[in-house]
Amino acid sequence: MSLLIKNGRVITATDDYIADVFVEGETVVAVGKNLAAKADREIDATGMLVMPGGVDPHVHLDMPFMGTFSSDTHETGTRAALFGGTTTVIDFVLQQQGHSLKEALNEWNGRAEGTAVGDYSFHMAVTDFNDKTRAEIKEMIEKEGITSFKTFMAYKGALMIDDRQMTALMQEVKLQGGLVTVHATNGDMIDYLVSRHRAEGKLSPLYHYLSQPEVTEAEASGRFADIADYTGCPGYIVHLTCEGALNAVRNATRRNQKIFVETCIQYLLLDASLYERDFEGAKWVMSPPLREKKDQLTLWAGINQGLVNVVATDHCPFMWKQKLMGKDDFSKIPNGHPAIEHRMELLYSEGVHKGKISLNKYVEVACTNPAKIFGMFPRKGTIAPGSDADIVIFDPQQEHTLSANTHHMNVDYSAYEGRKITGKVKTVLLRGALAIDNDKCQLEKGYGKFIRRDKVSGKI
Ligand code: URP
Ligand code: ZN
Ligand code: ZN
């Protein structure tokens, strides 16, 4: 099958021009003006943006967490991602303490293989680093194509590792050519503040926010950067939310260190005033919590300064009845919110349409950088001859409203209910196949492929 996308405005992280895109099978074969190629099918993209499929490197699908499972499976989550223009996601495999990485990987393969609609890869979350785990790092990278290792400096007593394990893990990952990513907040401080608030009977969602002040994130981000600098291991901070944490990264640049930074769409758009809505605030109980307006400004500026490299979602949805597990105690509310479907459109509407970032920057942080940082470029993250034909045809003018009534995520509320946005995903191709057209998913479950990733350099 061949396909010619005619006359669209092709946007990559560096280019912006009117051209045709010729696709053969799963691959882009040519990009250029007035291509003479004859194709089985043509799409007229006049007036549309033609962009690479989005890459969301931070999603939690069907994940056991806080006594329940995130409510999107690999099928429903990757399908919803496609509706929103995200063609590849990176999900997290969680090692169980006392068990091997391989056991965890087998479990996640069992959930994703044959069910994912869109393409996916895995980060390996290391929750118990010991000599046995050390020996598995090389195998993960070389045999499994999993080159990023997630760590938690928080969730004490569950997922958290200490600095001893962090240092040893980073040494090994550096040696084998991988990258360490981190949930960087001070787990001991948070643990103390949570128990103090609970002891004082302060149990509403607002105290989730008050138990994770900015300093907990700034401190841990600086500590992580220091350990990464000492070990020489490439480091990536996930879901960075605030000025203090970004300043810790800025400080690291003074010694010419590069720490990759990801923020998430919610931290750019939403703020902590939502926690004042009594239990409705549980919709936005996530870790780290939403911050202040001044932090949003810092993050937008950080994108333009090249300090924030990626905008992800940390998609981790829970049904409202799951959120109700914490009705009487904020510490029991499953942490996370749904966003996998909305990242590309929200970032376009709030970022590009409102003039905060350029179109090239948009593609860079939503598609190209995640592909580069995590070893999938140029297969993913750009439109170029030889790349996978993961392509989004986007109407930059169309206005629409987000709602749980129309979204495709398996969750019964929207964190963005009633939000009016400008710009809509019209057509999505995944490896040359029509994935989304006319607001319908054209792919069956099982079409999504596991994407093996290359070793990383720590540079982009
Ligand atoms: O609240 C969140 N972020 N839930 C998912 C787990 C994590 O920390 O990323
Ligand atoms: Zn996290
Ligand atoms: Zn997460």
### Task
Could you tell me whether Asp128 is of a type outside the set (Gly, Ala, Ser), crowded, with 23+ Cβ neighbours inside 10 Å and in contact (Cβ under 8 Å) with a residue 24 or more places away in the chain?
no
### Message
Can you pull out every residue in the range 230-257 that is in a loop (DSSP other than H, G, I, E, B) and over 14 Å from Gly302 (Cβ atoms)?
### Response
Gly232, Cys233, Pro234, Val238, Arg254, Arg255, Asn256, Gln257
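Against the condition buried (at least 23 other Cβ atoms within 10 Å of the Cβ), within 16 Å of ligand 2 (Cβ to nearest atom), farther than 21 Å from Asp390 by Cβ and not polar (S, T, N, Q), how does Val89 come out, does it pass? Step through it out loud before you land on a result.
Values: buried (at least 23 other Cβ atoms within 10 Å of the Cβ): yes; within 16 Å of ligand 2 (Cβ to nearest atom): yes; farther than 21 Å from Asp390 by Cβ: no; not polar (S, T, N, Q): yes.
It is false that Val89 is buried (at least 23 other Cβ atoms within 10 Å of the Cβ), within 16 Å of ligand 2 (Cβ to nearest atom), farther than 21 Å from Asp390 by Cβ and not polar (S, T, N, Q).
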### Query
Within the range 305-336, how many residues are out of contact with any helix residue (DSSP H, G or I) (no Cβ under 7 Å at 6 or more places or on another chain) and part of a helix (DSSP H, G or I)?
5
### Summary
Sole miss for Gly85 among (1) within 16 Å of ligand 1 (Cβ to nearest atom); (2) on the phi > 0 side of the Ramachandran plot is condition (1)
### Query
If you check Gly118 against the conditions, is it closer than 30 Å to Lys426 by Cβ, away from ligand 1 (no atom under 16 Å from the Cβ) and surrounded by 19 or more Cβ atoms within 10 Å (Cβ to Cβ)?
yes
### Summary
A careful count of residues in the range 335-370 that are charged (D, E, K, R), closer than 16 Å to Gly84 by Cα and crowded, with 22+ Cβ neighbours inside 10 Å gives 3
#### Entry: From the options Val93, Val126, Val117, residue that is at pLDDT 95 or above and farther than 23 Å from Gly67 by Cβ
Val117
### Residue list for the range 271-301, filter: more than 16 Å from ligand 2 (Cβ to nearest atom) and in contact with a Leu (Cβ under 7 Å, 6 or more places away or on another chain)
Asp271, Ala272, Leu274, Tyr275, Glu276, Gly281, Gln296, Thr298, Leu299, Trp300
### Task
Would you be able to say whether some residue in the range 162-172 is within 16 Å of ligand 2 (Cβ to nearest atom) and touching a His at 6+ places or on another chain (Cβ under 9 Å)?
no
### Query
Quick one: Gln296 ticks every box in (1) within 14 Å of ligand 1 (Cβ to nearest atom); (2) within 19 Å of the chain's Cα centre (by Cα); (3) not small (Gly, Ala, Ser) bar one, so which box is it?
(1)
### Message
Tally up the residues in the range 236-257 that are more than 16 Å from ligand 1 (Cβ to nearest atom) and under 21 Å from Ile190 (Cβ atoms), please.
### Response
6
### Task
For the range 62-73, state whether one or more residues are crowded, with 24+ Cβ neighbours inside 10 Å and in contact with a helix residue (DSSP H, G or I) (Cβ under 6 Å, 6 or more places away or on another chain).
no
### Task
Only residues that are within 15 Å of ligand 3 (Cβ to nearest atom), touching a Leu at 6+ places or on another chain (Cβ under 9 Å) and of a type outside the set (Gly, Ala, Ser): list them for the range 76-91, please.
Val89, Asp91
#### Entry: Some residue of the range 101-110 being within 19 Å of the chain's Cα centre (by Cα) and outside any loop (DSSP other than H, G, I, E, B)
yes
### Task
For the range 291-346, name all the residues that are within 16 Å of ligand 3 (Cβ to nearest atom) and among the aromatic types (Phe, Trp, Tyr).
Phe318
### Task
Could you please tell me which pairs satisfy a Cβ distance under 6 Å, a separation of 6+ or placement on different chains, a first residue in the range 316-333 that is closer than 26 Å to Ala81 by Cβ, and a second residue that is part of a loop (DSSP other than H, G, I, E, B) and among the acidic types (Asp, Glu)?
Pro317/Asp72; Met319/Asp412; Trp320/Asp412
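The values are calculated or read from the model by the stated rules, or taken from the named source; none is laboratory data. None of these values were measured; they are calculated from a predicted model. We place every Cβ from the backbone using ideal geometry, glycine too, and count neighbours over all the protein chains shown.
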